[in-house]
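For reference, the structure discussed in these notes is given below.
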C-alpha cells in the first residue's frame, strides 16, 4: 500500500520559464493536529481543503490545522477516498468496504462477501465509482454493481494515481496501467490504449487535451495528445524539463517516490510563471 512513513510532505515546485526548479516544503506532524504518520491517500476538494486517508481514520487540512473527521471509522485504517460530483466524500475502509460520509455518519455502499477482502482505493468518474479491492476493479453506480474485473490471480492491486481524461479515466497501479471508458463502461489494459506506455510511469497529469505520464522520479515520461473524446492521436517520449507549459499554468497532482527504501507520497503543486 502507498503510504507516508515519517511525515506528510506538502511540496511546492516552482518552474521558472522552464529553466530551473525550486522546491519548498513543510513537514507536518502531531503539532499540526496530525496524530499519525501513515497516509494511505490524499485528495483536494474544489474548495481547497486537503483530505487524508490514514491508518487512524480521515483527516482534513484547512490551511492551518489537521483535524480528525468524526465517524464510525475514526480509528480504523482508511485506504482511499474521493469526492463525487455531488460533493459527497466516499472512502474505503481497508477491511470493511466502501462507504459515503454524510454529516459525520458513514453509510455502507459495498462490501464483498469474501471474508478476507482488502479494499485499497476508491475513485469517481461522473456518476460512477471505481473501487479496487483484492485482485479486482469494481465499477458501481450508487450501490449497483456494473461490472467487476479481475486483474490477476493472487496479487492485491494497489493504486498509484488516478487521472480523469475526456470521456474516461486512467488508473496507474502496482500491476500496470488501466483505461476506463465512460462510453463502454469497460476497463482495458493501458498498453492497448497508449502504445508507448510502460509500467514505470506511475504518476502524471492532464493539461487541456495533453496527457503527461512520468516515472516516480519525474525524469522519463511520455506526452499523449488526446482528441475531444479522449482517444490518443499521437504520443512521444519526453523528459520533465522539456515540458512546454505556459505562464500561469498551475497543476496539482500526487506523486509517489521512494527515499531510504521507504515509500512516501507527497502533494505537488506546480506553478509556471
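Throughout, read-outs are computed from the coordinates displayed, never taken from laboratory work. All of these numbers come straight from a predicted model, not from anything done at the bench. Virtual Cβ from ideal backbone geometry, glycine too; neighbours counted across all protein chains shown.
General observations
- Between residue 141 and residue 85, the simple spin-label model (points 7 angstrom out along Cα→Cβ) gives 1.2 nm.
- Chain lengthening between residue 111 and residue 35 when straightened (0.36 nm per residue, less Cα-Cα): 24.6 nm
- Ranked by how many other Cβ atoms sit within 10 Å of their own Cβ, fewest first, the residues 158, 78 fall in the order 158, 78.
- Pairwise FRET efficiency - residue 174 versus residue 220, Cβ, R0 = 25 Å, nearest 0.05: 0.85
- Between residue 240 and residue 164, the simple label model (points 7 Å from Cα in the Cβ direction) yields a spacing of 2.5 nm.
- Relative protection proxy for 50-57, 228-235, 163-170, from highest mean packing down: 50-57, 163-170, 228-235 (other beta-carbon atoms within 10 angstrom).
- Counting beta carbons within 10 Å around each of 192, 82 and listing the fewest first gives the order 192, 82.
- Cα gyration tensor shape for segment 112-229, rounded if a/c is under 1.5, else prolate or oblate: oblate
- Between residue 95 and residue 183, the C-beta separation translates, for a Förster distance of 30 Å, into a calculated FRET efficiency of about 0.30.
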